[in-house]
Every structure is written in structure tokens, then in C-alpha cells.
Amino acid sequence: MSLTVRPGILDIAAYVPGEHALPGEGPIYKMSSNESPLGASPAAIAAYRELSGELHRYPDGGATALREALAATIDADPTQIVCGAGSDEILQLLTRAYAGPGDEVLYSQHGFLVYPIAAQSVGAKPVAAPEKNLKTDVDALLAHVTPRTKICFVAEPNNPTGSYIGATELKRLRDGLPDHVLLVVDAAYAEFVDKPDYSDGTALVKSHDNVVMSRTFSKIHGLAALRLGWAFCPPAVADVLNRIRGPFNTPAPALAAGVAALADSVHAAKAKAHNDHWLPWLSARVNEIGLKAHPSVCNFLLVQFPKDPKLSADAANEFLKSRRIIVRKMGAYSLPDCLRITIAEEPAVKACAQALADFVNRAATQ
């Protein structure tokens, strides 16, 4: 082949989504992708369907109605909101805008895989700072800052660990970073958190010109298929992102569904209540059978397994598949002894708990 790929592109380990299918017949419990067990708001579905006769029209390239609705939720200027094809696109755009060859992009050791992928895609070097007890370590991040550091990504709370650092630590991180470093607070799971010390980064964006907060409609709003995300930015950063994003990067049906989803606070509250009940329920069951469920404020659990081959994460994954339950392996996150389990619908959560108990009991008799 005569085409030459830019240096570094072929070094990227492509992002692999959670599995969604199994061989054979019968229902599958999918607990691998942190999707909403309640689905989308009926109002959002209706808004999406209403535009089925307008698919020949270009969407509003400025996402005006959605930006105004989002700005109202955080008491912000709509011009500081930028919408994208999922928060993934927002993260990619920020990296493309502020990092390049010779630069470094900093993130926490078990942070979202898109961070290093975004860095490598623009020729920058991804730098992972170690964590303490599967939690972002502010001191470690600051210790890894160099004159070449251009972006620091922090997932608050973090996927896949489920942990968070809180407003005080987040501010300490921003205060400790040089002014030339953009702090990106990835708050994809913010709606699930009700801890009094939690911050999604909004206050820091309002008080600094080098902080961005990103969010998504894929989790609590149940619009993962529509790929809809957004960022709250300082004015200068919003201007930059609007210069490089696609002119129609958010489809009209997705925009309409997003506006309707924001207005349906009752549906979002139901999703939050479901998670508030079943997250601690599953965590307790996992711990009762002798496995370790790491504390989580998200809509998933990170479950750690022994190194014993009979009780390993790989063995558990295969056993769960035999029960037609799909969870997420964590080797790509340097957590090979763990599986991430989404809080899905009630039958799925109960089936998973029973399957894990049967798995542990089977190993004890072998």
C-alpha cells in the first residue's frame, strides 16, 4: 500500500465497546455498557418521532434550543455551551484544539480510554498518573505535569472505578496546574451523584478561563443511541470548538429528544431512584458472597475477583455468559482482576447476583 499513515496512528489501541450479543437463543441481560435500564423518556421518544418526516432537512447547526435549555440548568450563558456527537466528540475536539505533536495529555491511571486515544490521534503523548485505592490522586497528577502538558482529563466521577474526589480536591488540582494546562472535567455520570462534597466542575468553569466541563445524554437520560453530549466552556474555548466541530454535528432528532429529556425531570428522577436502590443492593450481595465490590457513585459496580484461576475475573465472565449475562472485562483499563457490572433492570440485577453466588459456590466444590 502506497498510502502513509501519520506517525503514531497505528500505535492506537482502538476503543472496544462492551459486548452486546451471545451465541444461541434466549434473552440476554446486557450489563456491559452503563445504559439506562429505564430507557429514554417517553417525551424524548415522542420528540424524536415527530421529526421523522423532516429527515431531509439539515439540523440547526447551532443547536440553539438545546444550548438554551442546558444553559438554564446551570445558570450559564448559552454561548458557552457546545454540543457534540456524544461527550466523546467533545473530548476529541478539545484534544485536537489544544494538543499536538510533542505535547502531553495527562489523565488518571484508570481513566476513560478515550483520553489516551484522543491524545495519540493528534500525535500527543498520553501520560497516566498512578491512583491510590482506585481513586484519582491529585498529588500524582500534579507531579506528572511538565512544560509539555497541555490538557489534564479528570473523570468526576470516574468510569470504570466509580470513585470521585470531591470539590475541594478538584479545586486543589486546578490551583496546582500551570495556567497553560486546560483542565477537562468529564462529568458523564454527574446526575447519579448526590454526595454533599461533589462538584461536576461547573463552578470552576465560571471562575477560570482554562476549565471545561463535559456531559452526556447517554447515561441517566437513556439517549445513548443518539450520540448527544455537550460542554460548558469559557467563552474563548467555546469559540475554538465551534470553529473546528462539524457544522451539523448533532442531528435534529437528537437535539429535539435532548430538549424533551431535560424537561422530563420525573423520568430522570425515576432512573436515579432505580439506581439508588439497586446499586447498594448488588454491592451488598457481591460482598456477602466473598467478592469485592468497590464503592461506586455511578450506575455500575467494579467487582474485583481473586487471582485463583477458579475464581478469576475471566472465569467469572465466562460463567456469566453461560447464564446469558454480559458484563465488561477490564483488562484494557489495567484492571484484569475486575469486571464492571452495570445496574440494569431488576431481573438482570437479581440474575447477576444469583449467578455470581453460584459461580463462587461452584468454585468451592471443585
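The values are calculated or read from the model by the stated rules, or taken from the named source; none is laboratory data. None of the values given here were measured: they were computed from a predicted structure. Ideal geometry is used to build each Cβ from the backbone, glycine not excepted, and the neighbour counts take in all protein chains shown. Protein only, heavy atoms only, side chains kept; ligands, DNA and RNA dropped before computing areas. Shrake-Rupley method; radii C 1.70, N 1.55, O 1.52, S 1.80 Å.
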Note on segment 17-147: alpha-carbon gyration tensor, axes a ≥ b ≥ c; rule is a/c under 1.5 for rounded, else prolate if a/b larger than b/c, else oblate; result oblate
Which of (i) 18.5; (ii) 17.1; (iii) 20.4 is the computed mean projected area of the Cα convex hull in nm² for the structure on display? (iii)
Asp197-Arg49 pseudo-label distance in nm [points 7 Å out on the Cα-to-Cβ vector]: 4.7 nm
The chain accessible area per residue, 1.4 Å probe, protein heavy atoms, integer Å², reads 44 Å²
Computed ³J(HN,Hα) along segment 2-17: with the Karplus parameters 6.51/-1.76/1.60, θ = phi - 60°, integer Hz and x for glycine or proline, the list is 8, 6, 10, 7, 4, x, x, 4, 6, 8, 6, 7, 4, 5, 10, x
Please work out the Cα center distance from segment 242-270 to segment 332-366, rounded to the nearest Å. 34 Å
Taking the Cα-to-Cβ direction at Thr365 and at Trp281 and moving 7 Å from each Cα, how far apart do the two end points lie in nm? 2.7 nm
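Can you give the helix-only mean residue ellipticity at 222 nm for the chain, where every DSSP H stretch with n ≥ 4 adds -39500 (n - 2.57) and the sum goes over all residues, rounded to the nearest 500 deg cm²/dmol? Each step should come with its number before you reach the end.
Details: 12 runs with 139 residues, N = 366.
Mean residue ellipticity, 222 nm, calculated: -11500 deg cm²/dmol.
Loop only per DSSP, at most 13 neighbouring Cβ atoms within 10 Å: give me the GluC sites (Glu not before Pro) in segment 1-63, ordered by residue number.
Working: sites: Glu19, Glu25, Glu35, Glu50, Glu54; in loops: Glu19, Glu25, Glu35.
The qualifying sites are Glu25.
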Would you mind getting me the FRET efficiency between Ala21 and Asn133? Use the beta-carbon distance for r and R0 = 35 Å, nearest 0.05. 0.50
Specify which residue in the list Pro253, His267, Ser296 is farthest towards the positive end of the charge dipole of segment 244-340, using unit charges on the beta carbon of Lys, Arg (+1) and Asp, Glu (-1), about the Cα centre. Pro253
At 7 Å along the Cα-to-beta-carbon direction for both Asp11 and Ser265, put a label point, then send me their distance in nm to one decimal. 4.9 nm
If you take the square roots of the eigenvalues of the alpha-carbon gyration tensor of segment 157-306 and sort them as a ≥ b ≥ c, do you get rounded (a/c under 1.5), prolate (a/b over b/c) or oblate? oblate
Calculate, in nm to one decimal, what Thr64 and Glu288 gain on full extension: separation in residues at 0.36 nm each, minus their alpha carbon distance. 75.7 nm
How much of the accessible area of the chain, probe 1.4 Å, is carbon plus sulfur, in whole percent? 55 percent
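Let's see if you can work this out: charge +1 on each Lys and Arg Cβ, -1 on each Asp and Glu Cβ, no other charges. What is the dipole magnitude of segment 196-287 about its Cα centre, in debye to the nearest 20? Show your work: numbers first, answer last.
Numbers: 9 positive and 6 negative charges, 55 e Å.
Here segment 196-287 has a charge dipole of around 260 debye.
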Let me spell out the model: positive unit charges on the Cβ of Lys and Arg, negative unit charges on the Cβ of Asp and Glu, origin at the Cα centre of segment 112-154. What dipole size does that give, in debye rounded to 20? 140 debye
